[in-house]
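Asks: Starting off with a structure, shown below.
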Amino acid sequence: MKSTLLRITQAAALALTLSAGAAYAAGDHAGHAMPAASTPIGKPGDAARVTRTIDVDMSDAMRFTPASIEVKAGETVRLNVRNSGKIRHELVLGTDADLKSHYDMMMKDPGMRHEEANAVSLEAGKSGQIVWRFDKAGKVSFGCLEPGHYTAGMKGSVSVL
């Protein structure tokens with residue numbers, strides 16, 4: 001009886017942990033949502049399948065370098081992102097509508113930090129990576145959603161050919 005109760009308790013705890021992890025992975029945390037694991041912008045990539053690495057710099061001039069990137073549909077890319085500035089910046093992949101909506105949330109809660117697969121948030125002088133698979137031809141946008149940065153022009157795009 002005790003072992004059955006212990007197994008049921010362990011199974012319930014595991015189910016709760018997995019459902020919380022799934023919600024976080026989909027980007028639903030702290031009262032805001034980011035794109036789910038597989039979206040119109042692509043999906044998290046498998047590092048073993050990276051075909052190319054692209055270096056992206058973020059600066060206090062509120063710019064990404066490069067601000068325009070081209071990839072092939074189906075390509076898995078590693079974005080090596082470096083914050084060369086003296087203040088926090090981030091790179092978030094999304095649709096224009098998702099980025100604008102999320103930026104509005106960031107303006108209301110400037111302490112939010114992103115740890116989703118489609119985003120990297122970096123303190124001054126730090127580097128990080130996003131491994132992403134761009135599934136469909138079209139345009140994927142990116143931006144820094146720190147308050148004031150996006151509206152100052154800290155935006156870019158990925159052309160998926």
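Asks: Confirm whether Asp98 is in the same structural domain as Leu145 (by TED's automatic domain parsing), of a type in the set (Asp, Glu) and assigned to a helix (DSSP H, G or I). Step through it out loud before you land on a result.
Replies: On the way: in the same structural domain as Leu145 (by TED's automatic domain parsing): yes; of a type in the set (Asp, Glu): yes; assigned to a helix (DSSP H, G or I): yes.
Against the criterion (in the same structural domain as Leu145 (by TED's automatic domain parsing), of a type in the set (Asp, Glu) and assigned to a helix (DSSP H, G or I)), Asp98 qualifies.
Asks: Residues of segment 58-81 being over 14 Å from Ser157 (Cα atoms) and surrounded by fewer than 18 Cβ atoms within 10 Å (Cβ to Cβ), which ones?
Replies: The answer is Ser59, Asp60, Ala61, Ala73, Gly74, Arg78, Asn80.
Asks: Could you check, for segment 116-124, whether at least one of its residues is charged (D, E, K, R) and surrounded by 13 or more Cβ atoms within 10 Å (Cβ to Cβ)? Lay out the reasoning, then the answer.
Replies: Just the residues of segment 116-124 that are charged (D, E, K, R), to begin with: 116, 123.
Right, trim to surrounded by 13 or more Cβ atoms within 10 Å (Cβ to Cβ) and you get 116.
Looking for residues that are charged (D, E, K, R) and surrounded by 13 or more Cβ atoms within 10 Å (Cβ to Cβ), one finds at least one in segment 116-124, hence yes.
Asks: Further, regarding this structure: Of these, Val120, Val77, which one is touching a Lys or Arg at 6+ places or on another chain (Cβ under 7 Å) and among the aliphatic types (A, V, I, L, M)? Before you say what the answer is, go through the steps one by one.
Replies: Details: Val120 fails: touching a Lys or Arg at 6+ places or on another chain (Cβ under 7 Å).
Testing whether each residue is touching a Lys or Arg at 6+ places or on another chain (Cβ under 7 Å) and among the aliphatic types (A, V, I, L, M) leaves just Val77.
Asks: Is it the case, given these coordinates, that Val160 is closer than 17 Å to Lys43 by Cβ, of a type outside the set (Ser, Thr, Tyr) and out of contact with any Ser or Thr (no Cβ under 9 Å at 6 or more places or on another chain)?
Replies: On the way: closer than 17 Å to Lys43 by Cβ: yes; of a type outside the set (Ser, Thr, Tyr): yes; out of contact with any Ser or Thr (no Cβ under 9 Å at 6 or more places or on another chain): yes.
When the stated conditions are applied, Val160 passes them.
Asks: To continue, here is another question. Within segment 34-52, does at least one residue satisfy the condition of being at pLDDT 95 or above and among the β-branched types (Val, Ile, Thr)?
Replies: yes
Asks: Within segment 5-24, is even one residue of a type in the set (Lys, Arg) and at pLDDT 50 or above?
Replies: Step one: list which residues in segment 5-24 are of a type in the set (Lys, Arg), which gives 7.
Pick out the ones that are also at pLDDT 50 or above and you get none.
No: zero hits.
Asks: Output the number of the condition that Ala97 fails; it satisfies all remaining conditions of (1) aliphatic (A, V, I, L, M); (2) loosely packed, with under 15 Cβ neighbours inside 10 Å; (3) under 12 Å from the mean Cα position of the chain (by Cα).
Replies: (3)
Asks: Moving on. Quick one: what pairs do we get from segment 117-141, first residue assigned to a loop (DSSP other than H, G, I, E, B), second aromatic (Phe, Trp, Tyr), C-beta under 7 Å, 6+ apart or different chains?
Replies: Asn118/Trp132
Asks: Among the numbered criteria (1) hydroxyl-bearing (Ser, Thr, Tyr); (2) touching a residue at least 60 places away in the same chain (Cβ under 8 Å); (3) surrounded by 21 or more Cβ atoms within 10 Å (Cβ to Cβ), which one does Ser159 miss?
Replies: Among (1) hydroxyl-bearing (Ser, Thr, Tyr); (2) touching a residue at least 60 places away in the same chain (Cβ under 8 Å); (3) surrounded by 21 or more Cβ atoms within 10 Å (Cβ to Cβ), Ser159 violates only (3).
The values are calculated or read from the model by the stated rules, or taken from the named source; none is laboratory data. It should be emphasised that the depicted structure is a prediction, and the values quoted were computed from it without experimental measurement. Heads up, the Cβs are rebuilt from the backbone with ideal geometry, glycines too, and the neighbour counts pull from every protein chain shown.
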